[in-house]
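For reference, the structure is listed below as structure tokens.
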Amino acid sequence: MTSRKNVKFKFDKLKSETAEIDGLEVSIGKLIREKWDEPYGPTPSPSLATLREWDLKLLKRYKPFYLPYCDVCCLCTMGKCDLTAGKRGACGLDICAQQSRIVLIACCMGAATHIGHARHLVEHLIEKYGRDSPIDVGRSVGVDIEAPVTRLVYGEKPETLGDLEEVLDYVEKQVTQLLASTHTGQEGDNLDFESKVFHAGMIDQVGMEIADLAQISVYGFPKADPEAPLVELGIGVIDTTKPTILVIGHNVPPSVEIINYMEESGLSDSIEVAGICCTSIDATRYNPKAKIVGPISWQLRFIRSGMADVIVVDEQCIRTDVAIEAQKTMTPVIATAEKNCLGLPNRTNDPVDEIVKDLVEGKAHGALIFDPDKVGEVAVRTATLLAPKRKKFKVIPEISEILEGASKCAQCRFAPCMRACPNNLPIREAMEQAAKGDLEGLSNLYEVCIGCVRCESACTNDLPIHNYIVGASIKKMMEEKYKIRSGRGPIQDVEIRKVGGPIVLGEIPGVIALVGCANYPKGGNEVAEIAEEFAKRRFIVTTSGCSAMSIGMYRDEDGRNLYEVYPGEFDAGGIVNVGSCVANPHIAGAAIKIASIFARRKLRGNYEEIADYIHNRVGAVGIAWGAITQKAASIASGFWRLGIPVIVGPHGSKYRRMLLGRKDRKEDWYVYDARTGEKVFVGPCPEHLFYTAETKEEAMVMAAKLCMRPNDTARGRMIKLAHYIDLHKRFYKVMPDDIHLFVRTETDLPITMKEEIKKILAEKGWKENIIPDPTLLPRMVHTKEEKSDE
Amino acid sequence: MSNEPWQIGEIAGPKKALIITKPSVVVGMVKKAKRTLMVVGHQTAEIDLGEENAIDYMIKIADRFKIPIVATANAVSEFVERNYPISWMSAMDIGNRLQDPEWEGLDGKGQYDLVLFIGIPYYMEWTILSGLKHTAPNLKTISLDRYYHPHASWSFSNIKIDEWVTYLKTIIGQIEEKA
Ligand code: SF4
Ligand code: SF4
Ligand code: SF4
């Protein structure tokens, strides 16, 4: 069988006038060797406008509310253009289109970053393990749909590493085309930009999926394993008496080769490998002995603590001043990615001995090495030799220095430190207190500080404020000893079979996906509290990346770690860590597999139908409480196109626009009943597609509400309503004012609140309605012939 | 310092809020407006002003001028506990409705022409005010926070708490404004 673009011939016997050949096989170009006989759906490998109609349907309901970050556009030399309140720029663009364009640029950056990461990883793995290395992310536990997103979007089933290259060709082309549409004088309509934003998100999901499939398959990460090992997390778990290598970033091959070299040299027990951000999660997926320091916001405090003897960075979410910061503690930095060279000299072709000597003797403060094997050897040997010399030299001050420094604080009237702090933390007050000998104020900032050091840049007296915060909290910091479940990878098909029904019927009240970075308004505990709340309520909680770490860095009332209390199964009451950022598609993939495995909808190139199914039936909600990056934006947009709502924390309002439904506009909330073709009012389910919550309490109330779907059975809706009402009453101390919009029949009413709600319904003039077989697609209405077939 | 945004990097653009130098500006605008609304965010409850909380000041302002209140997020519970009648909606939802000329308002009588904002986290209130500046050109917005909010139509500058309390008390009518 051949794929669409490539040709393969196979002859059992070829006879010509001059020769006779047995078993000749010729491949031209790359090829996906398919053993998938499902017919193609309508949209395999969609281009920019293929799914535009679907996008516009969603955008009609969830209109953008623009929140411009600034009033001008400065993207070309005709600018800066003032776009305030309806003015148009020199090219004709208005503020709405400009905001959508910026969102698209951000999502292209995010998608390109994951796809670039995937390409780098796949090329490396092919070089090392061969093009025919099989894709296997859990075949032995029955994961038959290994690549739900790729199958859905691209329409093929990858079987080997080589097959992944072809999928990457497709997604790279899409990102290039999308980016081209942001050029001056291209796309001009805000909604068309938004549709392209969705496209970028969808493409991004494919790119992430490719990266994780490749690394799970080849490196032997946990394969759909609900009991993936519990690994150590927190600064306190690192044995700083040993030489320590810190890895930062997202692309794991250098970390893998560090671990391999340690094993080969019998040094596994004498060196510590600890990581920050997703590379560390993936290092623990490779070897559970690796340790995780913490999320992205823990970078500077750890670097400045001097505990790392060598820092190895790969790509993404790394402080761009890492080389400068590392010099302060005399820690050499090894950069490993072409995307992130940090101004270091390229030593890829130099002998290892020379590089190690230069780093150990301080002749070089860093090196750029593109070969992961060489990185492994250089990092390990350098750490071993350098550790006794460095003696963990740190720049975190002693208490006496903090007290002295604080006394130099000028108590500036307009506190530039506070005004620079993203969270407006009361730094000036804390310094005043410290100047009087009390460090409690500074110490209180430790958990809520995101480690950005903008305060230090802004301080009129050049005080190292962040160092003071960390120094005042050193005991706390060294006591950070936690556990996190290493990323399990995909959800098993058998798990989907088990929960598909209860989710679609509403009996499992929802899937809450806590994903994204660590720009939290009030510290990482909020993410853990959200996870705990929903796990207790027997939702399915999934997580990844820095959010998964924040969940680990928390103890419940009884002092227990949530990963030890709640199982890693994709089932009611589970807390399911899928892995690093590129593991996020396993969450979307679970929703897709519900449509495909449970509901037997066709998967292959059938995006619109599957998205329509998910939007109307699968009560999933993403929460990116500390979302920072462009990758987080594109990850969110991948969920939007599938019709899955995403909530961000208050800093997420800076993503420049929300996609908000209007529950007061009844006309927006009709679906087709696939059984009859009639239009039926289903209430605002789900009410929003992209939403900023002001507080964690608001996020919880909204998340519970956004889990409602038109397809919920009466029993399912009853359960979902009960959670929504309960959380609303707990946090707002009052009944919700919109219950009538979610009640279809009296059987939807939670039994214990029946009479109370009935009164409200009467006041609101509520009328009973039917529960349809919901779809937004007229073509999904069953024809008469189909019905007589049934 | 007068018209610098509180958070240093939040530089707005060509159109910036006018500074409220006297509380009578607020009083005058509210009196002139046909339909005024007050949006109270959760941080309002966190501001301790001695014997009272900033929520109590908002209630007094709302009472004096008969302004309906929309409480956002956890601010809702503060009003419920005080048994004070309010509507509730999230900050994003009320922002979104305020930019729709067709919105019926809380009472079915149509869109507002003046909105007072307070107590949403600075950077989030900033983005909502920006949204309204751009997409609701007929709406006037006033920030009652003690920080300069460049995207509002009118805002206090960055002022100290005691100065702010004096301003709020003057708006309520508890103290005479100095000439
Ligand atoms: S891209 Fe358009 S709006 Fe932006 S600066 Fe150029 S002309 Fe002005
Ligand atoms: S390092 Fe911490 S205290 Fe300093 S500005 Fe950043 S978040 Fe605020
Ligand atoms: S900017 Fe520096 S000197 Fe001024 S109040 Fe803040 S910490 Fe003190």
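The values are calculated or read from the model by the stated rules, or taken from the named source; none is laboratory data. It should be emphasised that the depicted structure is a prediction, and the values quoted were computed from it without experimental measurement. Cβ sites come from the backbone with ideal geometry, for glycine too, and all protein chains shown count toward neighbours. Ligands, DNA and RNA are stripped out before the accessible areas are found, and what is left, the full protein with its side chains, is counted by its heavy atoms. Shrake-Rupley method; radii C 1.70, N 1.55, O 1.52, S 1.80 Å.
Amide H to amide H, which residues 5 or more places from A:HIS688 or on other chains are under 5 Å from it, using H placed in the peptide plane?
The answer is A:GLY661.
Can you work out the accessible area per residue across the stretch B:1-132, with the rest of the protein chains kept in place, probe 1.4 Å, in square angstrom?
39 Å²
With charges only on Cβ, +1 for K and R and -1 for D and E, what is the dipole size of the stretch A:482-549 about its Cα centre, in debye, rounded to 20?
180 debye
Taking the alpha carbon gyration tensor of the stretch A:361-465, what are the square roots of 5 times its eigenvalues, largest first, to the nearest whole Å?
After diagonalising the Cα gyration tensor, the semi-axes are 37, 17, 12 Å.
Within the stretch B:16-122, list the GluC sites (Glu not before Pro) lying in a DSSP loop whose Cβ has at most 10 other Cβ atoms in a 10 Å radius.
Sites meeting the loop and neighbour criteria: B:GLU51, B:GLU102.
Report the label-to-label distance for A:GLN186 and A:LYS759 in nanometres (one decimal), using points 7 Å from each Cα along the Cα→Cβ vector.
5.9 nm
Within the stretch B:1-147, how many Lys pairs sit with Cα atoms under 14 Å apart, leaving out pairs fewer than 8 places apart on the same chain?
Going through the stretch B:1-147 pair by pair, I get 11.
For a quick check of your reading of the filter: which trypsin sites (Lys or Arg not before Pro) in the stretch A:705-790 sit in a DSSP loop and have no more than 14 other Cβ atoms within 10 Å?
The qualifying sites are A:LYS733, A:LYS764, A:LYS767.
So what's the back-of-envelope 222 nm ellipticity for chain A, counting only DSSP H runs of four-plus at -39500 (n - 2.57) apiece and dividing by all residues, rounded to 500?
Rounded to the nearest 500, it is -12500 deg cm²/dmol.
What FRET efficiency comes out for the pair A:THR676/A:GLU557, r = Cβ-Cβ distance, R0 = 35 Å, nearest 0.05?
Efficiency at R0 = 35 Å is approximately 0.10.
How big is the stretch A:49-142 in terms of Cα radius of gyration and Dmax, in angstroms?
21.0, 60
Are there GluC sites (Glu not before Pro) in the stretch A:476-534 that DSSP marks as loop and that have at most 15 other Cβ atoms within 10 Å, and which are they?
A:GLU479
Of the heavy-atom accessible surface of the protein assembly as shown (probe 1.4 angstrom), what whole percent is carbon and sulfur?
It is 51 percent, rounded to a whole number.
What do you get for Rg/Rh of the stretch A:418-533 when both radii come from the Cα atoms and Rh is the Kirkwood radius?
1.17
For the pair A:TRP36/A:GLU447, report the inter-label distance in nm, with labels modelled 7 Å from Cα in the Cβ direction.
Label-label distance for A:TRP36 and A:GLU447, simple model: 4.6 nm.
From the Cα gyration tensor of the stretch B:25-179, with a ≥ b ≥ c the square roots of its eigenvalues, which class applies: rounded if a/c is under 1.5, or else prolate if a/b is larger than b/c, or else oblate?
rounded
Which residues, if any, in the stretch A:78-100 have at least 40 Å² less accessible area in the whole protein complex than in the isolated chain, probe 1.4 Å?
A:THR84, A:ALA85
Per residue of the stretch B:85-101, what does 6.51 cos²θ - 1.76 cosθ + 1.60 with θ = phi - 60° give for ³J(HN,Hα)? Whole Hz please, x for Gly and Pro, Karplus curve as stated.
Along the stretch B:85-101, the couplings run x, 9, 9, 9, 6, 6, 4, 5, 5, 5, x, 5, 5, 5, 8, 9, x Hz.
Along the positive direction of the dipole of chain A (beta-carbon charges: Lys, Arg +1; Asp, Glu -1; about the Cα centre), which of A:VAL356, A:VAL541, A:THR775 reaches farthest?
A:THR775
If you average 1/r across every pair of different Cα atoms in the stretch A:611-661 and take the reciprocal, what Kirkwood value do you get, in Å?
11.3 Å
So what's the protein assembly as shown giving for Cα Rg divided by 2.2 N^0.38 Å, two decimals?
0.96
Taking 50 Å² as the minimum loss, tell me which residues in the stretch B:1-42 lose that much accessible area going from the chain by itself to the full protein complex (1.4 Å probe).
B:MET1, B:TRP6, B:GLN7, B:ILE8, B:PRO14
Given the DSSP H assignment, sum -39500 (n - 2.57) over each helix run of at least 4 residues in chain B and divide by its residue total; what's the result at 222 nm in deg cm²/dmol, nearest 500?
Estimated from H runs of four or more residues: -10500 deg cm²/dmol.
For chain A, report the accessible area per residue in Å² (1.4 Å probe, heavy atoms, rounded to an integer).
Each residue of chain A exposes 35 Å² on average to a 1.4 Å probe.
As a test of the definition: with a 1.4 Å probe, what buried accessible area, both sides summed, do you compute for B against A, in Å² to the nearest 100?
Buried area between the two chains comes out at roughly 4100 Å².
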